[in-house]
Structures are given as structure tokens and as C-alpha cells.
Amino acid sequence: MGVAAVARINSAIEAPFSFENRGYALSASIGSAQFPDDSGDINALLEIADQRMYQAKRRYRPQPNPTAVTA
């Protein structure tokens with residue numbers, strides 16, 4: 001899964017929405033690794049994806065969104 005695919009998934013997840021007259025915003029941290037570009041070994045691919053997920057968590061900690069949907 002490339003960087004563009006991860007960005008599209010995050011955009012879809014992070015889109016504000018409302019439910020029962022309350023506004024919500026979600027976030028996700030995604031790590032990916034590609035075969036064979038990153039590694040040819042499944043265990044190494046999982047480790048790389050895991051490391052990238054934790055890098056994303058540190059880099060993009062969600063901030064309160066004052067423009068979140070409110071009803």
C-alpha cells in the first residue's frame with residue numbers, strides 16, 4: 001500500500017460526521033510495507049509496517065478539532 005493509498009484511507013476515516021445530533025471525528029495511524037520493495041520476508045514486512053504505524057502515531061497525534069461537526 002503506497003503513500004497515496006494510506007492518505008486516501010486516512011482522509012475517509014478522518015472526515016467529520018454526525019450521529020444522533022452529535023459531531024464526531026476519528027483518526028487512525030496506518031503503517032504499510034510493500035513486497036518486494038521493503039522486504040521479501042513476511043515477518044520483516046510486518047515489522048516494517050508496525051514501525052511505520054508507530055512513527056505515524058508519534059507524528060500525527062490528533063488535535064482537538066474546533067471545526068468538528070456539531071448539531
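Bear in mind these aren't lab numbers, they're just calculated from the coordinates by the rules spelled out. Predicted, not measured: the structure shown is a model, and the values here were computed from it. Positions of Cβ are generated from backbone atoms using ideal geometry, with glycine treated the same way; all protein chains shown enter the neighbour counts.
Compared with the alpha-carbon gap, the fully stretched path from residue 57 to residue 27 is longer by 9.8 nm at 0.36 nm per residue. With the simple model of a label 7 Å out from the Cα in the direction of the Cβ, residue 39 to residue 9 spans 1.7 nm. Simple rule: put +1 on each Lys or Arg Cβ and -1 on each Asp or Glu Cβ in region 3-59, find the dipole, and look at 32, 21, 49; the Cα lying farthest toward the positive end is 21. Loop-resident GluC sites (Glu not before Pro) (DSSP state other than H, G, I, E or B) in region 1-58 with no more than 16 further Cβ atoms inside 10 Å of their Cβ: 20. Here the 3J(HN,Hα) profile of region 23-30, calculated from phi with Karplus coefficients 6.51, -1.76 and 1.60 at θ = phi - 60°, is x, 9, 9, 10, 9, 8, 10, 10 Hz, Gly and Pro shown as x.
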